[in-house]
Structure formats: structure tokens, C-alpha cells
1. Hull surface divided by four, with the convex hull built on the Cα atoms of region 6-147: how many nm²?
2. Under unit Cβ charges (Lys, Arg +1; Asp, Glu -1), what dipole magnitude, rounded to 20 debye, does the chain have relative to its Cα centre?
3. Past 27 Å, Cα to Cα: identify those pairs from Lys22/Lys142; Lys29/Lys191; Lys214/Lys280; Lys121/Lys193, in the order given.
4. Given only helices, namely DSSP H runs of n ≥ 4 each adding -39500 (n - 2.57), what is the per-residue ellipticity at 222 nm of the chain, to the nearest 500 deg cm²/dmol?
5. Tell me, what is a quarter of the convex hull surface for the C-alpha atoms of the chain, in nm² with one decimal?
6. As a footprinting exposure proxy, order Leu80, Leu4 by other Cβ within 10 Å, with the fewest listed first.
7. In the chain, with Lys and Arg counted as +1 and Asp and Glu as -1 at Cβ, which of these residues, Gly272, Ala110, Gln318, has the Cα nearest the positive end of the dipole, that is, farthest along it?
8. Share of antiparallel DSSP beta bridges in region 1-160, in percent to the nearest 5?
Amino acid sequence: MIVLGIESTAHTFGIGIVGNGKILSNVKKSYTTEKGGIIPMDAAKHHRDNKESIYSEALKNSGVDESKIDAIAVSQGPGLAPCLLQGMGFAKELSRKLGKPIVPVNHCVAHLEIGRVTGAKDPVMLYASGANTQIIAYASGKFRVFGETLDIGVGNFIDTFARYAGMGFPGGPAIEKLAQQGKNFLEIPYKVKGMDIALSGILTNLRQKLESKKHSLPDLAFSLQETVFAMLVEVSERALAHTEKKELLLGGGVACNGRLQEMCKIMCKERGARFFCPEKQFLVDNAAMIAFLGEIMFKSGIGFKGKEIESLDIKPRQRTDDVEVSWRK
Ligand code: AMP
Ligand code: MG
């Protein structure tokens, strides 16, 4: 079986192709800026301008002829509506052209299920991306959100701080480099509320420290990472304890951060849990994970055909725990 996946929830447009659980290609192009954050309409234009060439490249890399595709999986949500519309539009176009069904996939759940390629079977996932920050695990028929950010996603939080400091998007990798040069730990607010975290107050505090010009940027970046990653690790550990699961899986672009990975690894070692971190191409937004979960869902009988496709729409605010999980027992 061959399933093609499309990702377009935010800054990245990607096409992935999977054959019987094997990733055959994973091509993507991401919208970036020199200064400032994502402008949704500009990101959507980026996707429209690049979709055809990404599609051709993905087919070429996989060695698969388009006539061999059995289904088209697409990220239905959550995400930015103008960006999602590009992906859904392209999925419908391909579906009409190839006469194949569409499998609508939840982006967050795809981040979790791609963990299977690392060997994670029933993990607690720390999903730390730009817009989303959630602790997710499967329980009683659904992927439950055990904890999450009460305001902004941790990636957006880091990117916004980077923007205040005059850097472009994405700011995460630059902040990680700066943090390595940090020498002094500065006291900043630590905001864990039950199983949730809050970041906007910390952002304000960091902005004030930045504008006071009393601290170096490396020290600020270092203190930001040490504090906020400790918050993420704390709630992840509590989710492991509560669910009695024995695997921690990382997902999302912020999980590319070496210090976050290190802190999670230490926590797992201390409590006898296994640590899983997919390779970078599957951590960031990518379409291979959409194709991968799409194939699992398609095999379980999910797919929209013929007239049903007209009723298929994007779900910009779809929640992880809204998804009916019929493919896991
Ligand atoms: P995603 O939305 O999952 O594609 O992830 C994008 C987010 O990951 C952006 O907010 C980036 O700034 C962030 N990011 C990427 N690499 C790193 C890194 N090394 N450290 C921290 N954040 C990162
Ligand atoms: Mg993501």
C-alpha cells in the first residue's frame, strides 16, 4: 500500500510518501523571515507557490509513480486557516485527479504516532512545537491531553523573545546557540499550574530584563531554557507517574533542542522510563508523519470518497482529544 501525505498547518509545506509503514520520501519547504513572525497569508502564498515542485520532488525521491498511490492523507488541523486551506485544496485536487480517497489527519496525533518508527509503542509525548505545547498520552480510546500551555506555545514563546532581541523567525535555534554561552543563571518566574504551564508572564519578565540592558543575551537565553524546560520536564514526569507509562517521546520543533533532550533523558533515567526522540526530520513539521498515520487510519477503514469529499473541511481549532481513535486497541 502507498499513501501520500500533505502537511501545511503553519510555516511548512511538505509531501511525504509511505509504503507499508516505510518512509519512502519526506520533502518540505518552510517559510522563514529575516525579521518578525509568521504572516499567515504570506505563508499560504509560500505553500501555493511551492506545492507542485514539492509534489514532483517527493514522487521522484520515492521512485513511486502517482498512479500507484492508494490514498491521500492531509493535515486537517489544528493550524492557521489560510495555510490549512492550501493543503486541503491540494488534497482534493489530487483526489480528483487520481480517483483516490482522502484521509483527514490530526497534526498533533501524527507527531505522536510517528514515534512508532523509533520503537515507542505507548508513550507519554511531550509535544513542544511553535503553536502547540501539550503532554499527550493514549487512555480509554482517545489521546488525552494531560497538561498543556495555558497561553502560548513554547516555540512561539521562544520566537517572540528572539524577536524582541532583534532576531528573525525561527528564533529557537539561535537562542539555543546563545544559551550555550550563558554563564549566569537569572531568577525568572517558574509557572507550573497543576499539570499546565503558563508562559506569557515569563515572556514579559524576560522582555523587561532585556530592555533594562543589565543582562547579557546569552545569560537571558540560558536562564530562559533552564527555567522553561524544567517546567516541561516536571509536567512530563508527573504524566508518566500518573499514567504509569514507561516511555517518554519527544515531538515538535522545540524538541530539536539539545538541552531539552538532555533534561528529558536525565529524568527518564532517574525514573526507569525509556526515552525516545525521533530524528530531526520527523520532529519538526513534516508530511511523512501525516502519510504514516494516514496509512494506519486508512488500513483501519477511514477514508472519504466521491461526494463525501465535498463535505470535508479544515479544522483550524481541532483538539487532540476530539479525535476518535479507532485504530488503536
Ligand atoms: P514546529 O512548529 O513543530 O515545526 O516547530 C517550530 C518551532 O520550533 C519554532 O518555534 C522554532 O523556533 C522551534 N525550534 C526549532 N529548533 C529549535 C531549537 N533548537 N531549540 C528551540 N526551539 C527550536
Ligand atoms: Mg507540529
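None of the figures in this text is laboratory data; all of them are computed from the coordinates on show. This structure is a prediction, so every number in the text was calculated from the model and none was measured. Positions of Cβ are backbone-derived with ideal geometry, glycine not excepted, and every protein chain shown enters the neighbour counts.
1. The number I arrive at for region 6-147 is 9.4 nm².
2. 220
3. In this structure, Lys29/Lys191; Lys214/Lys280; Lys121/Lys193 exceed 27 Å between Cα atoms.
4. -13500 deg cm²/dmol
5. So the mean shadow area of the Cα hull is 16.0 nm².
6. Details: Leu80 22, Leu4 33.
Sorted ascending by nearby Cβ count, the order is Leu80, Leu4.
7. Gly272
8. Values: 25 of 34 bridges.
Given both bridge residues lie in region 1-160, the antiparallel proportion sits at roughly 75 percent.
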